Every structure is written in C-alpha cells, then in structure tokens.
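Peer 1: The structure is given below, and queries will be raised subsequently.
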Amino acid sequence: MSTKKSQINLLNHSEAKVKLFGDYIQKYLNIICNDGYTKSIHIIDLFCGPGIYENGGEGSPVIALKKVKQTFYQFIDKRENKSPKIHCHFNDIDQNRIESLGQHIKEKKLHYNNFGTLNLINKDYTKIVNELPSKFQGFKDSKAFVFIDPFGYKDVKAEHILNLLDCNKKSEVLLWLPIQFMYRFSKNGTPDVLESFNSQLGINKEELKNEWEYISTLKEGFENFIGNDYFVDSFTLKKEENTVFCLFFFSSHIRGYEKMLETKWEIDNEQGRGWKYDSHQSSLFSDLETNKLEDFLIIFLQTDRTNGEIFEFTLRKGFLPKHSTQILKKLQADNRLELTKEDNSKIRKGAFYINYKDFKGDFSKLMIKLK
C-alpha cells in the first residue's frame, strides 16, 4: 500500500488544523490548570503520526508537548502540589511512526517526568477508542481531551464520540474529517461504511448540493445524535474550490466550548468559520449566507429569554457573547427591547450580562424580549 503524501509531509491545510489544535490546547490547559480542583489532565492523540514530518512540519503531538511544557513552566512549576499533572498519550498503528515520535521527543527534550506521564502506544484505533470510555469512568478529579485525526474516515463512528463524552462528562473531542472525499462518495457510489455513517447521523445524500451543506448537515446530525447535554461546532479548512476538510469539536462543558469558539474567531475574525489556503481569495463563505445571528436572535427573542439562555443560544449558533451584545445594543438603541431585571433594580443601558460568569452565577439576572 502506498503512503499518502499527507502521511509524510505536513501540508498547508494540515498546518492550519494543527494551529487550531495548538491554540485551543493552550487555552484549555490555562483554564484547567487554574480551576482549583482538577488533579490530572489527559491529552490523547489517537492518530499521532511521527511528530516531525519530512518537510519539517510539526505534527499534533509535538505541538501538544510544546504547549504542555509552556504551561508547566508558566503555571505549575511555580506552585507546590496545587496544579494538575498533564499526561500525554500518543497512539499510532504504525510502529515506525511511534518510534520516530519517541526519538524526536528525546532529541528535542520535549517532555520531562515532572510534567506527567508520557505514553507512546501502538494500537489499532478501533481497539483503543473502545477501551477509553471505561478508563474515563474511573476518573475522579481528571479531565481528558481526545484528538481523532484519521487517515480517512472508515473507522470513525458517531457512537465513538458519544461514548467518549458520555462516560463521565469531563471529556472533549476534536475530530478531523476529509469532507471532500466523504461528500463525493456520498453522492456517487457510497461505500457501505460511509452509508452507515451517514445513516447514523440522519443524512440524506440525495438532498446534498455541495460540501458546505454536507458540513452543516453533519453538524446537525452530530447534535441530534449526542443530545443537548453536549456542544458541537465545526471549523472548515478550504485548500481549493472542491478540496474541503473540517474539524468538528465536541464538549461536555460550555466553558470549553466557548474557548474553542474564541480560538476559531481569532483565526477567522470575519466569519469564525474557517481557514482558506490563499489569503487573496474572496471570502471563504462569499457564496453562502452572511452573518445570521441577528436573524436568529430576533426569532429567539419572540418570547422572554434570560441572559443565561441567550448566552447558551449564542454559543450553540457558533458565535461569541460579544456578537450578541452588539446586536442587543443595536436593538435597544432602536427601542425594540423589553428588559426586566430579576431584582427590579435599575437597568444599566448596554448591560445584558451575556457571559459565562453570569451564566453560572446569575442565569436569570435579566429578562429580555423583543417588543
């Protein structure tokens, strides 16, 4: 079997994928290491690759280890037994890639035992992904982040994601899918394994018009499959017109989900949706509808909504609290809002309390409705 180019070189779209992964991991570690109760963090990469590719590109395990090292010396090393250990688990079915990764880690001095444990694993994906949920169930003061970056899609199933999330509700998953291949096969001679995947997520291939609709339908399918206790979002990477990849992020915690959205919007500050290979191209989403959050909110505010409800609604639509606040200020300036404070105190203009702190501590501080 020939080796794919993407398995020996880190290509441009993969570099963007790894950047998103690294930026989020940094935010994730910063939050968890300062939450005051987590004693251990597990970073698990199920298709880790060799770490350093032939063209010098740094893969996900090297990026993860650099973030762990940075976090340790920034936060953990300055304290005494008050911060979690960060355990890294890197798996690949190819023994040569695992050995190469181990050598890179040693040569670059990327890991020390005082960070946490380092486990280099050589197992088939289907075996290890089915083992993890039972291990997660044994977690007490631990959290896990799982990265699934397969060389294809045939082994990935929706229930893998749900099982990883559902076992203790302390896990997050980042899944990479080759959308253009999956879409093409969905439309033409669908393989049985993809037919099963689409069917599980309620996808009717006859209704799909393009890759972007497929991504949207996949997101909705995942949301329906894993349920309202979890959060799902996607980040699109477009290399060429019909070469599209997508990262799907799954979280059991709204705070982690918000941080991933922040990372997305930092990379794509116009749409918060994706990355494109050629920065001189027209907008990645120029052929799609533009920002629809205002339309979503106008419908949502037909009935009374609390500040907490609006916070969650905004995130589930893929936007940040600041976006909703901006729209609410505009509606308020146009005298289109009815506002009622829970304690009947004076309402400060422009204050809507759409943030995580009030979501957790004062969910119903303000009632908002469209006139």
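Peer 1: If you split all Cα-Cα distances of the range 17-174 into 10 Å bins from zero, what percentages do you get per bin, shortest first?
Peer 2: Reading upward from the zero bin: 10, 41, 37, 11, 0.
Peer 1: Then there's this: Over the range 49-163, give the accessible area per residue in Å² for a 1.4 Å probe, as an integer. Don't jump to the answer; show the numbers that get you there.
Peer 2: Numbers: 5720 Å² over 115 residues.
Heavy-atom SASA per residue in the range 49-163 reads 50 Å².
Peer 1: Stretched out fully, how many nm does the piece from Leu370 to Glu206 gain, at 0.36 nm a residue minus the Cα gap? Before the final figure, lay out each step's value.
Peer 2: On the way: separation 164, 0.36 × 164 = 59.04 nm, distance 3.83 nm.
Extra length from Leu370 to Glu206 when fully extended: 55.2 nm.
Peer 1: Report, largest value first, the span of the C-alpha coordinates of the range 93-202 along each principal axis, in whole Å.
Peer 2: 51, 34, 19
Peer 1: Given the alpha-carbon gyration tensor of the range 149-225, what are the semi-axes of its equivalent ellipsoid in whole angstrom, ordered largest first, with each equal to the square root of 5 times an eigenvalue? Before the final figure, lay out the partial values.
Peer 2: Details: eigenvalues 99, 34, 25 Å².
The answer is 22, 13, 11 Å, longest axis first.
Peer 1: Ok, one more. Measure up Lys140/Lys169; Lys19/Lys238; Lys67/Lys360 against 18 Å on the Cα-Cα distance and list the ones that go over.
Peer 2: Working: Lys140/Lys169 11 Å; Lys19/Lys238 15 Å; Lys67/Lys360 28 Å.
Checking Cα-Cα distances, Lys67/Lys360 exceed 18 Å.
Peer 1: Also, I was wondering about something else. Per residue, how big is the convex hull of the chain when only Cα atoms are used? Give it in Å³. Write out the running numbers ahead of the final one.
Peer 2: Details: hull volume 59.4 nm³, N = 371.
It comes to 160 Å³ per residue, whole-number rounded.
Peer 1: While we're here: Subtract the Cα-Cα distance of Leu339 and Arg316 from 0.36 nm times their separation in residues, and report this length gain in nm to one decimal. Numbers along the way, then the final one.
Peer 2: On the way: separation 23, 0.36 × 23 = 8.28 nm, distance 2.29 nm.
Length difference between fully extended and current span is 6.0 nm.
Peer 1: If you wrap a convex hull around the Cα atoms of the range 30-122, how much volume per residue is inside, in Å³? Write out the running numbers ahead of the final one.
Peer 2: Details: hull volume 8.3 nm³, N = 93.
Per-residue hull volume (Cα only) is 89 Å³.
Peer 1: For labels at Phe363 and Glu107 in the simple 7 Å Cα→Cβ model, what's the distance in nm?
Peer 2: Inter-label distance under the simple model: 5.3 nm.
The values are calculated or read from the model by the stated rules, or taken from the named source; none is laboratory data. Computed from a predicted structure; not experimentally measured. Glycine gets a Cβ as well: all are built from the backbone with ideal geometry, and neighbour counts include every protein chain shown. Each accessible area value is taken on the protein alone, full model and side chains, heavy atoms only, with ligands, DNA and RNA left out. Shrake-Rupley method; radii C 1.70, N 1.55, O 1.52, S 1.80 Å.
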